[in-house]
Each structure stands twice: as structure tokens, then as C-alpha cells.
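A.B. asks: Would you mind keeping the following structure in view while I ask a few things?
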Amino acid sequence: MTGCSNVPVELRAGALRLAVRPDLGGSIAGLWHGDTPVMRSMEPAALTGARQSASYPLVPYSNRLGHRRFHWKARDYTTESNFDGNPHSVHGVAWQRPWALVSAGETDLRLRYRHAPDAHWPFAFEVDQVFSLSPQALEVGLVFTALGDIAQPVGLGWHPYFPRRTQSRVHMQVTHRWDPDALELPVQRVAQATIDGEVAQLDHDHCFEGWHGPAFIGDEVFSLQLTSSL
């Protein structure tokens with residue numbers, strides 16, 4: 001393992017180019033097909049934080065820990081604020097920490113974040129983020145290893161962003177959504193029909209259940225599909 005680096009890493013396969021910033025939460029700075037952004041993209045040297053990126057990893061949880069506390073294995077735990085004074089802890093810890101570069105080739109990349117217990121998350125763990133680029137697709141995976149002597153709660157994911165163009169549409173089959181309360185905690189489960197429409201007309205900032213992939217995003221410039229093994 002070569003250690004942490006603030007040098008961006010780029011992969012290329014056919015017309016696709018992927019740029020990653022290991023030092024900024026293991027985030028994707030950009031994904032392009034030729035000169036066309038596939039995800040919300042900027043040149044990696046211009047990226048200053050994970051929140052402005054094309055995507056960043058959510059480890060060891062996504063969404064929010066309500067009021068910065070949780071109960072696990074008959075114990076109460078607290079966490080710290082990590083997001084603009086939000087009353088909750090948001091999206092885990094790995095997106096705000098530098099990742100180590102394990103290996104990099106022309107089309108493959110492996111990063112690693114190793115966590116020691118701290119005020120933001122009380123359990124030790126190690127997680128690898130693996131990128132594989134082909135001329136037709138980007139595949140990203142997370143491999144999580146709990147360290148220490150006790151089990152811990154774990155959730156894994158990403159926070160991707162895509163360009164919104166004049167004719168952007170999204171199609172996604174789901175069964176339910178979770179409506180939030182005034183403090184943005186998902187609290188009420190309600191039925192949700194298939195989402196299929198122009199992005200400009202949609203008003204969703206929710207958690208969803210029952211996703212039957214793939215999901216589709218398309219516009220006047222580009223179209224893509226997203227799948228998951230979960």
C-alpha cells in the first residue's frame with residue numbers, strides 16, 4: 001500500500017475517463033465520455049471537497065444518525081456533528097477522511113480507508129473501494145471488514161450526482177418512500193409508484209424501498225442505466 005496521496009488518479013477505457021481524489025473522501029471528481037460529463041464532473045485539481053464531487057462513499061452508514069445517537073447491543077452511543085451544524089450526524093465518516101492508494105492500473109483502482117474508534121464512530125473497521133472501468137461501464141464496489149472484538153452496525157452506499165439538462169428524465173421502479181419530519185429524519189413509510197418523469201418536475205429528497213433495478217437517466221445528450229447487486 002502506497003499510503004495517502006493528494007494526487008488525483010485517472011482511469012481510461014475507450015471514450016470513458018474517470019478521475020478520483022483519494023484525499024477527498026475517496027470521491028469521484030468526474031466521469032466523462034469524450035468531452036461529455038456522464039456524472040456531475042469537474043477536473044480533479046479543481047475539486048475542493050467531497051460534497052462538490054460526482055460521487056462519494058457512505059461508510060459506515062448513509063443518511064442520518066438521528067440527534068447524533070444510536071442504541072446497539074444494549075449500549076447507547078453518541079456521535080459528533082459533521083455537516084454544517086446539522087443536528088444529526090450525516091453519511092458516515094469515510095467521505096470526510098483521506099483514503100490510501102492500494103493499487104492503480106489503466107482501468108482498475110483500489111483505495112482503502114482504515115478507521116480507528118473516535119468521537120464520530122466508536123468502532124474500528126477497514127473498507128476498500130474498488131473501481132473498474134470498461135469502454136461501456138463504470139463498476140464500483142465496497143468491501144467492508146469489521147475490526148475489533150465486537151459486532152458493529154454497518155451500512156454502505158454512495159452519493160452520486162448527475163448533470164441536469166433541459167430534457168433530463170429519470171425512470172426508477174420502487175415500492176415505498178420514507179417521508180421526513182421537520183428535522184429531515186425519515187419517519188413515515190408510504191406507498192410510492194414508479195418514478196418516471198422529467199427531473200425538473202420531480203420533488204424528491206427521500207429514502208426509497210423496493211428498488212427494482214435498473215434505473216434509467218436520459219436527456220438530449222446522453223443516457224445511462226444504474227444497477228446494483230443489493
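A.B. asks: For segment 75-130, what's the radius of gyration and Dmax over Cα atoms, in angstrom?
C.D. replies: For segment 75-130, the Cα-based Rg and Dmax read 14.0, 46 Å.
A.B. asks: Pop out the ³J(HN,Hα) list for segment 66-83 in order, Karplus 6.51 cos²θ - 1.76 cosθ + 1.60 with θ = phi - 60°, rounded to Hz; leave Gly and Pro as x.
C.D. replies: Going residue by residue, I get x, 6, 6, 8, 7, 10, 8, 6, 6, 10, 9, 10, 10, 10, 10, 5, 9, 8 Hz, with x marking Gly and Pro.
A.B. asks: Can I ask one more? Assign unit charges at the C-beta atoms only (+1 for Lys and Arg, -1 for Asp and Glu), then state the dipole size of the chain relative to its Cα centre in Debye, rounded to the nearest 20.
C.D. replies: Details: 19 positive and 24 negative charges, 68 e Å.
Taking the Cα centre of the chain as origin, the dipole is about 320 debye.
A.B. asks: Another question, then. Apply 1/(1 + (r/R0)^6) to the Cβ-Cβ distance of Ala119 and Glu43, taking R0 = 35 Å, and write down the FRET efficiency to the nearest 0.05.
C.D. replies: The computed FRET efficiency comes out at 0.55.
A.B. asks: Okay, moving on. Projecting each Cα onto the charge dipole of the chain (Lys/Arg +1, Asp/Glu -1 at the beta carbon, about the Cα centre), which of His204, Ala50, Val143 comes out farthest on the positive side?
C.D. replies: Positive-end residue among those listed: Val143.
A.B. asks: While we're on this one: How large is the charge dipole for segment 41-133, taken about the Cα centre, if only the Cβ atoms of Lys, Arg (+1) and Asp, Glu (-1) carry charge, to the nearest 20 debye?
C.D. replies: 400 debye
A.B. asks: Over the Cα atoms of segment 71-202, what Rg and Dmax result, in angstrom?
C.D. replies: 18.6, 52
A.B. asks: What is segment 14-142's relative contact order, in percent, from Cα pairs under 8 angstrom and six or more apart in sequence?
C.D. replies: Dividing the mean separation by the residue count of segment 14-142 yields 21 percent.
A.B. asks: Also: Return the Cα extents of segment 1-143 along principal axes one, two and three, sorted largest first, each rounded to a whole Å.
C.D. replies: Principal-axis extents of segment 1-143 (Cα, largest first): 52, 29, 25 Å.
A.B. asks: For Ala200, put the label point 7 Å out on the Cα→Cβ axis and report which residues of segment 143-173 keep their amide N under 13 Å from it.
C.D. replies: 164-169
A.B. asks: Got a sec? What order do Ile217, Ile195, Ile150 fall in by accessible area at 1.4 Å, biggest, i.e. largest, first?
C.D. replies: Highest to lowest solvent-accessible surface, that is Ile150, Ile217, Ile195.
A.B. asks: Near the amide H of Thr175, under 5 Å away, which other amide H atoms are found, from residues 5 or more places off or on another chain, if H is placed in the peptide plane?
C.D. replies: Placed amide hydrogens put Glu209, Gly210, Trp211 under 5 Å from Thr175.
A.B. asks: Still on this structure: Suppose all protein chains stay in the model; what accessible area per residue would a 1.4 Å probe give for the chain, in Å²? Mind showing how you got there, number by number?
C.D. replies: Values: 12370 Å² over 230 residues.
With the other protein chains kept in place, the chain gives 54 Å² per residue.
A.B. asks: Ok, one more. Which order do the peptides 6-17, 198-209 come out in when sorted by mean C-beta neighbours inside 10 angstrom, highest first?
C.D. replies: On the way: 6-17: 15.2, 198-209: 12.0.
Highest to lowest by the protection proxy: 6-17, 198-209.
A.B. asks: Right, something else. Multiply the residue gap between Leu226 and Val190 by 0.36 nm, knock off their C-alpha separation, and tell me the result in nm, one decimal place.
C.D. replies: 10.6 nm is the gain from fully extending Leu226 to Val190.
A.B. asks: State the percentage of accessible surface on the chain attributable to carbon and sulfur atoms; use a 1.4 Å probe and exclude ligands, DNA and RNA.
C.D. replies: Reported share for carbon and sulfur atoms: 50 percent.
A.B. asks: In whole Hz and in residue order, list the ³J(HN,Hα) couplings for segment 87-93 that follow from phi through the Karplus curve 6.51 cos²θ - 1.76 cosθ + 1.60, θ = phi - 60°; x for Gly and Pro.
C.D. replies: Per-residue couplings from phi come out as x, 10, 8, 10, 6, x, 10 Hz.
A.B. asks: Now for a different question. Ranked highest first by average number of other Cβ atoms within 10 Å, how do 41-50, 78-87 line up?
C.D. replies: Packing order, densest peptide first, comes out as 41-50, 78-87.
A.B. asks: Could the peptides 159-170, 66-77, 118-129 be put in order, highest first, of the mean number of other beta-carbon atoms found within 10 Å of their residues? Please list the in-between numbers first.
C.D. replies: Working: 159-170: 15.7, 66-77: 12.0, 118-129: 17.9.
The packing order, highest mean first, is 118-129, 159-170, 66-77.
A.B. asks: So, with +1 on the Cβ of K and R and -1 on the Cβ of D and E, and no other charges, what is the size of the charge dipole of segment 180-230 about its Cα centre, to the nearest 20 debye?
C.D. replies: Here segment 180-230 has a charge dipole of around 260 debye.
The values are calculated or read from the model by the stated rules, or taken from the named source; none is laboratory data. Please read these numbers as outputs of a predicted model, since none were measured by experiment. Cβ sites come from the backbone with ideal geometry, for glycine too, and all protein chains shown count toward neighbours. Only protein heavy atoms, including side chains, enter the accessible area calculation; ligands, DNA and RNA are left aside. Shrake-Rupley method; radii C 1.70, N 1.55, O 1.52, S 1.80 Å.
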